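Peer 1: This structure is in structure tokens; I'll ask about it shortly.
The values are calculated or read from the model by the stated rules, or taken from the named source; none is laboratory data. This structure is a prediction, so every number in the text was calculated from the model and none was measured. Cβ placement follows ideal geometry from the backbone for every residue including glycine, while neighbour counts extend to all protein chains displayed. Side chains are part of the model used for accessible areas, which takes the heavy atoms of the whole protein and leaves out ligands, DNA and RNA. Shrake-Rupley method; radii C 1.70, N 1.55, O 1.52, S 1.80 Å.
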Amino acid sequence: MRIQLAGGAPVDVIAEYASPFALRVIAMILGIPPADLSDFRGWTDELLAPSSQSASADAVRELHRYICTLVERLRKEKEGSADSFLGGGAGA
């Protein structure tokens with residue numbers, strides 16, 4: 001979806017605003033630190049639009065490894081907390 005603001009160049013609203021915003025919200029809910037957003041985005045981009053079968057498989061492995069490590073860290077750091085869905089909060 002491209003729009004053109006007054007006096008400006010056309011802007012792809014989905015690519016520039018909606019997609020990054022959604023990614024940040026999902027990352028926040030999952031407890032993914034802002035410093036890891038670039039990696040998280042790379043893995044999810046590869047899964048949503050695979051460049052090759054091997055690259056997609058690599059992204060699945062890396063994302064799985066990352067999530068497992070993150071879950072363990074969040075459980076240790078936030079025991080008894082409802083701050084993170086992955087860390088066992090919110091009724092998990």
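Peer 1: Residue 46 passes all but one of (1) of a type in the set (D, E, K, R); (2) open to solvent by 70 Å² or more (accessible area, probe 1.4 Å); (3) at pLDDT 90 or above; which number fails?
Peer 2: All conditions are met except number (2).
Peer 1: For segment 51-69, which residues satisfy the criterion of being exposed (fewer than 10 other Cβ atoms within 10 Å of the Cβ) and part of a loop (DSSP other than H, G, I, E, B)? Please lay out each step first, then the result.
Peer 2: Restricting attention to segment 51-69, the residues satisfying the condition of being exposed (fewer than 10 other Cβ atoms within 10 Å of the Cβ) are 52-54.
Once the filter is applied, which keeps residues that are exposed (fewer than 10 other Cβ atoms within 10 Å of the Cβ) and part of a loop (DSSP other than H, G, I, E, B), segment 51-69 yields only 52.
Peer 1: Between residues in segment 6-34 that are more than 16 Å from residue 45 (Cα to Cα) and aliphatic (A, V, I, L, M) and residues that are loosely packed, with under 11 Cβ neighbours inside 10 Å and at pLDDT 90 or above, which pairs lie under 9 Å by C-beta distance while being six or more apart or on different chains?
Peer 2: Within 9 Å, the pairs are 28/34.
Peer 1: Moving to a separate point now. Could we say that residue 72 is at pLDDT below 90, open to solvent by 70 Å² or more (accessible area, probe 1.4 Å) and part of a helix (DSSP H, G or I) here? Spell out how you get there, then give the answer.
Peer 2: Working: at pLDDT below 90: yes; open to solvent by 70 Å² or more (accessible area, probe 1.4 Å): yes; part of a helix (DSSP H, G or I): yes.
Criteria met by residue 72.
Peer 1: Can I ask one more? Give me a count of the residues in segment 1-38 that are more than 17 Å from residue 70 (Cα to Cα), outside any helix (DSSP H, G or I) and either at pLDDT 90 or above or open to solvent by 90 Å² or more (accessible area, probe 1.4 Å) (or both).
Peer 2: Within segment 1-38, residues that are more than 17 Å from residue 70 (Cα to Cα), outside any helix (DSSP H, G or I) and either at pLDDT 90 or above or open to solvent by 90 Å² or more (accessible area, probe 1.4 Å) (or both) number 6.
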